[in-house]
1. Looking only at the stretch 65-80, which residues are on the phi < 0 side of the Ramachandran plot and loosely packed, with under 15 Cβ neighbours inside 10 Å?
2. I'd like to know if the stretch 105-117 contains one or more residues that are assigned by TED's automatic domain parsing to the domain that holds residue 166 and closer than 21 Å to residue 44 by Cα.
3. On the given criteria, is residue 139 at pLDDT below 95 and in the same structural domain as residue 158 (by TED's automatic domain parsing)?
4. If I ask for residues that are closer than 18 Å to residue 100 by Cβ and touching a helix residue (DSSP H, G or I) at 6+ places or on another chain (Cβ under 9 Å), which ones from the stretch 146-164 would you list?
5. Quick check on this structure: which one of 148, 127 is buried (at least 16 other Cβ atoms within 10 Å of the Cβ), modelled with pLDDT of 95 or more and within 15 Å of residue 51 (Cα to Cα)?
6. Out of all the residues in the stretch 81-100, is one or more surrounded by fewer than 10 Cβ atoms within 10 Å (Cβ to Cβ), under 21 Å from residue 124 (Cα atoms) and either in the same structural domain as residue 152 (by TED's automatic domain parsing) or touching a helix residue (DSSP H, G or I) at 6+ places or on another chain (Cβ under 6 Å) (or both)?
């Protein structure tokens, strides 16, 4: 009987030690983890380099002097499906006025993105953030999320959720170079 109590006490102590170590590790990890600032209006848009569906490289800083309509999206996203045709129509109007669209897909396969782009007539650069590094740099959570970047490279508006065609037109007017 004495042996059973002793074994139970040892087991309880071991479980307590393991739980304590796990809690201490979790606290330490959260305190020492790099804090990523959430982007806000007025911040300089973080630079990035991604490749589009045609194999061309796009670096955000190369668009300095132009307005950039930076849209994060996914093929499974219902609002994304609704706004892509409107974005395409407005892109055709504004691309010669110094406004670019960069549509950044979040880590889906090339085939899925190509099929989606063809289905929705996406004529603007369609990029894939395969490692989600750009998504994390921009602190993107819900899809779609769009950043309006002025010709100086500053974020002037962050839109989460679906946009109407009139919204897209108004936003492109806001970032059009003067």
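The values are calculated or read from the model by the stated rules, or taken from the named source; none is laboratory data. Predicted model, so just to flag it, every value in this text is computed and none were measured. Backbone-built Cβ (ideal geometry, glycine too); neighbour counts: all protein chains shown.
1. Result: 76, 78.
2. No; the residues of the stretch 105-117 include none that is assigned by TED's automatic domain parsing to the domain that holds residue 166 and closer than 21 Å to residue 44 by Cα.
3. When the stated conditions are applied, residue 139 passes them.
4. 146, 148, 149, 150, 151, 153, 156, 157, 159, 163 - these are the residues of the stretch 146-164 that are closer than 18 Å to residue 100 by Cβ and touching a helix residue (DSSP H, G or I) at 6+ places or on another chain (Cβ under 9 Å).
5. Criteria check complete, one pass: 127.
6. yes
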